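Undergrad: Take a look at this one; I'll ask things after.
The values are calculated or read from the model by the stated rules, or taken from the named source; none is laboratory data. In this text the structure is predicted, and so the values were computed from the model without any measurement. To get the accessible areas, we keep the full protein, side chains included, count just its heavy atoms, and leave off ligands, DNA and RNA. Shrake-Rupley method; radii C 1.70, N 1.55, O 1.52, S 1.80 Å.
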Amino acid sequence: MTAIELNDPTLMTEDEFFAKIERAEKQQGKSFASVDELDKYIRSL
């Protein structure tokens with residue numbers, strides 16, 4: 001890995017990737033009635 005890759009927070013190992021998927025599967029999903037509602041939610045994060 002290069003120095004840039006070591007500082008890239010979007011990179012993860014295969015184990016980290018699958019652990020993240022497992023955590024996501026356990027969470028309740030969200031749905032939105034409109035794009036505006038989705039946009040408001042995203043901007044509030």
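Undergrad: Keeping the other protein chains in place, figure out the carbon and sulfur percent of the accessible area of the chain, with a 1.4 Å probe.
TA: Exposed carbon and sulfur together represent 55 percent of the surface.
Undergrad: While we're on this one: Given a 1.4 angstrom probe, what's the average accessible area per residue across the chain, in square angstrom?
TA: 103
Undergrad: Oh, and also: Rounded to whole Hz and in sequence order, give me ³J(HN,Hα) for region 21-34 from the Karplus expression 6.51 cos²θ - 1.76 cosθ + 1.60, θ = phi - 60°, writing x for Gly and Pro.
TA: 5, 4, 5, 5, 5, 7, 8, 6, x, 10, 9, 10, 6, 8
Undergrad: While we're looking at this one, here's another question. Once the Cα atoms of helix 35-44 and of the chain are each reduced to a long axis, what angle between those two axes, in degrees from 0 to 90 to the nearest 10, is obtained?
TA: The two axes meet at around 50 degrees.
Undergrad: If you don't mind, there's one more thing I want to ask. For the chain, I need the span (max minus min coordinate) of the C-alpha atoms along each principal axis, in Å, sorted largest to smallest.
TA: 43, 24, 13
Undergrad: Still on this structure: Where does the chain land at 222 nm, in deg cm²/dmol rounded to the nearest 500, when only DSSP H runs of n ≥ 4 count, each adding -39500 (n - 2.57), divided by all residues?
TA: -17000 deg cm²/dmol
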